[in-house]
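A quick write-up on the structure given underneath.
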2 protein chains.
Amino acid sequence: MGATKTEHFTDAQNQIAIIAKALGHPARIAIIEYLLKVNECICGDIVNELPLAQPTISQHLKELKNAGIIKGSISGNTICYCIDEKTIDILNSYFLKITQTLSKSKCC
Amino acid sequence: MGATKTEHFTDAQNQIAIIAKALGHPARIAIIEYLLKVNECICGDIVNELPLAQPTISQHLKELKNAGIIKGSISGNTICYCIDEKTIDILNSYFLKITQTLSKSKCC
DNA sequence: AAACAATATCGTAATATTGCAATATTATAA
DNA sequence: TTATAATATTGCAATATTACGATATTGTTT
């Protein structure tokens with residue numbers, strides 16, 4: 001064994017896990033923060049901003065895209081990446097709901 | 001190679017990544033949702049609730065604990081686990097800030 | 001067309017994660 | 001004290017992730 005048993009869990013649980021997993025690497029957090037900082041989509045200079053080789057960054061971008069956290073569209077020679085608000089909203093409402101449930105809790 | 005180059009990123013980036021990574025598995029999401037559902041700390045029956053063997057669940061609990069997402073205290077024979085609100089709050093404010101930044105963005 | 005730039009893909013080595021059987025630990029119950 | 005119950009740890013096989021050099025792809029520029 002060794003593979004995650006996704007079939008034993010609900011679609012909703014797997015979806016949150018996939019998004020969280022994609023955020024579970026500091027390089028990918030750094031990519032997101034850079035996208036926020038530059039405040040626009042043209043992102044051809046991510047490679048110069050991060051201490052990783054170009055293929056590695058390309059791979060991280062792919063994972064963020066697969067998880068729906070960023071979206072990319074081809075714009076001539078460069079590729080325009082930006083954050084997909086919908087996915088961030090999923091996280092926002094998920095964790096907010098946890099906080100709200102906890103506030104009603106008899107837990108420690 | 002193969003290991004994550006944490007030293008190249010900020011402490012804040014690594015912290016978010018560690019928390020997100022711990023949430024990046026459906027079994028651990030299921031554990032959290034179960035903790036929320038029972039609405040209390042005594043959690044000796046997680047093993048009966050999840051389709052995984054006891055050592056596997058124990059390992060997932062350990063990872064959630066290491067990431068600060070749950071806290072556990074020994075209570076006689078059983079161990080009392082519950083969600084650590086502080087860590088959920090870190091996520092809430094992190095993703096909320098992203099949403100707020102995006103709303104001011106000239107991005108697509 | 002040829003050179004160049006930006007990005008993606010392939011291949012692969014190093015490392016990490018997942019899952020579980022077997023076993024250990026520790027507290028309660030008999 | 002000897003079971004019994006709950007949880008943790010160990011060890012290991014299967015699989016996934018991370019990182020990057022080499023190379024491919026594709027659009028732009030000359």
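Observations
- Output for the range B:44-62, where each listed residue is buried (at least 18 other Cβ atoms within 10 Å of the Cβ) and near DNA strand C (Cβ under 7 Å from one of its atoms): B:L52, B:H60
- Selection of first residues in the range B:64-75 that are within 18 Å of A:L102 (Cα to Cα) and without any contact (Cβ under 8 Å) to a residue 12 or more places away in the chain and of second residues that are part of a helix (DSSP H, G or I) and more than 10 Å from DNA strand C (Cβ to nearest atom), restricted to Cβ pairs under 7 Å at least 6 apart or on distinct chains, gives the following pairs, ordered by first then second residue: B:G72/B:K65.
- Subset of the range A:8-26 (residues that are within 12 Å of DNA strand D (Cβ to nearest atom) and more than 7 Å from chain B (Cβ to nearest Cβ)): A:I18, A:A22
- Hey, B:A27 modelled with pLDDT of 95 or more, farther than 21 Å from A:I32 by Cβ and among the small types (G, A, S) or not: yes
- Number of positions in the range A:55-74 that are within 12 Å of DNA strand D (Cβ to nearest atom) and either under 14 Å from A:D45 (Cα atoms) or at pLDDT 90 or above (or both): 12
- Where A:K37 falls short, out of the listed (1) in a loop (DSSP other than H, G, I, E, B); (2) surrounded by fewer than 16 Cβ atoms within 10 Å (Cβ to Cβ): (1)
- Flag: B:K62 does not match the condition of being assigned to a helix (DSSP H, G or I) and at the interface with chain A (Cβ under 10 Å from one of its Cβ atoms).
- Any hit, the range B:69-85, residues being more than 10 Å from every other protein chain (Cβ to nearest Cβ) and part of a helix (DSSP H, G or I): no
The values are calculated or read from the model by the stated rules, or taken from the named source; none is laboratory data. Please read all numbers here as calculations on a predicted model, not as lab measurements. So basically every Cβ, Gly included, is an ideal-geometry build from the backbone, and we count neighbours across all protein chains shown.
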